[in-house]
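*Asks:* A single structure is presented below for examination.
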Amino acid sequence: MPVRTYVIGKTKRVLIEPPVIACVQTVERIISRIGLVTAIIMLPLMIATRTYEIVMRKVFNAPSSVLQYVEWEAFSLLILLTLGFAYVKNSHVRVDVMRDRFGPRVRAWIEIYGFAFLALPLAGIVIVHGGEYAYAAFEDKERSALALFLPLRWLIKGALPFGIFLLALAMLCAAIRNVRYLFWGPGGPAPD
């Protein structure tokens with residue numbers, strides 16, 4: 001097990017990282033890679049699609065609804081598959097009026113209770129029902145009516161439950177780090 005030395009005040013404390021923290025770090029790396037790969041693929045696709053669509057519309061007077069649809073879908077995938085990444089990196093938008101006024105221990109408790117009583121139940125509902133919705137689209141071989149019947153509609157519908165699953169995993173990692181902080185030692189409330 002990895003050993004880390006922390007200096008708290010004038011004393012040194014040695015903390016043996018439990019295996020669960022190594023698992024948390026692995027999960028956070030996976031979530032980060034999924035978000036990064038998604039961004040690397042979707043951002044250039046969106047830029048190229050938008051540029052091509054503007055040129056076709058303004059220069060050649062030949063607008064295309066298919067390209068606009070592709071851009072919308074790429075944007076949806078970008079947002080949904082990078083939610084967990086944003087949470088892991090603490091880059092998500094916070095609208096906390098009171099949270100910043102509290103100390104680190106209270107913030108850690110807020111994160112734990114927020115995950116357990118708000119985020120986890122809502123994520124469970126979205127994952128279950130969104131998964132059923134995506135599976136039904138897969139079974140029916142659903143195609144998009146808007147963009148000349150583009151295939152793989154289930155993939156776009158499946159991105160919602162998968163993205164929320166990644167977000168819930170990221171929040172679970174933060175909750176585990178907060179429990180560790182509250183009961184076993186150094187560090188600070190996650191995400192921070």
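*Asks:* For Ser64 and Ala116, compute 0.36 nm times the residue count separating them, minus their Cα-Cα distance, and round to one decimal in nm.
*Replies:* Residue separation times 0.36 nm, minus the Cα-Cα distance, leaves 14.2 nm.
*Asks:* Please check which bits of the range 149-184 a label hung off Arg143 would reach, taking the label as a point 7 Å along Cα-to-C-beta and the cut-off as backbone N under 14 Å.
*Replies:* Inside the label zone: 149-154.
*Asks:* Another question about this same structure. Pull up the cross-link candidates among the aspartates and glutamates for Lys157, meaning alpha carbon to alpha carbon under 17 Å and not fewer than 8 places away within one chain.
*Replies:* List returned: Glu71, Glu73, Glu132, Glu139, Asp140, Glu142.
*Asks:* Which angle between 0 and 90 degrees, to the nearest 10, do you get for helix 153-184 versus the longest principal axis of the chain when only C-alpha atoms count?
*Replies:* Between helix and principal axis, roughly 10 degrees.
*Asks:* For the range 38-82, which semi-axes, largest first and in whole Å, follow from the square roots of 5 times the eigenvalues of its Cα gyration tensor?
*Replies:* In descending order the semi-axes read 22, 10, 5 Å.
*Asks:* Describe numerically, in nm with one decimal, the distance between label points set 7 Å from Cα along Cα→Cβ at Ile79 and at Ala22.
*Replies:* Taking the two extended label points, one gets 4.0 nm.
*Asks:* Moving on. Assign unit charges at the C-beta atoms only (+1 for Lys and Arg, -1 for Asp and Glu), then state the dipole size of the chain relative to its Cα centre in Debye, rounded to the nearest 20.
*Replies:* Result for the chain is approximately 840 debye, rounded to the nearest 20.
*Asks:* Another question, then. Sorting Arg57, Arg101, Arg180 by accessible area (1.4 Å probe), largest first, what list results?
*Replies:* Per-residue accessible area, sorted high to low, gives Arg101, Arg57, Arg180.
*Asks:* For the chain, modelled as a GNM with alpha-carbon contacts under 10 angstrom, which of Val20, Val66, Val97 fluctuates the most?
*Replies:* Fluctuation is largest for Val97.
*Asks:* So how strong a dipole does the range 29-110 carry about its Cα centre when Lys and Arg Cβ are +1 and Asp and Glu Cβ are -1, to the nearest 20 debye?
*Replies:* Computed charge dipole of the range 29-110: roughly 460 debye.
*Asks:* Summing Lys, Arg as +1 and Asp, Glu as -1, what charge do residues with Cβ under 13 Å from the Cβ of Val179 carry, Val179 excluded?
*Replies:* +2
*Asks:* Among the aspartates and glutamates, select those whose C-alpha is under 17 Å from the C-alpha of Lys89, and discard any that sit fewer than 8 residues away in the same chain.
*Replies:* Glu28, Glu111, Asp192
The values are calculated or read from the model by the stated rules, or taken from the named source; none is laboratory data. Predicted, not measured: the structure shown is a model, and the values here were computed from it. Please note: Cβ atoms are built from the backbone with ideal geometry, for glycine as well, and neighbour counts cover all protein chains shown. We work out accessible area using only protein heavy atoms, side chains counted, and drop any ligands, DNA or RNA first. Shrake-Rupley method; radii C 1.70, N 1.55, O 1.52, S 1.80 Å.
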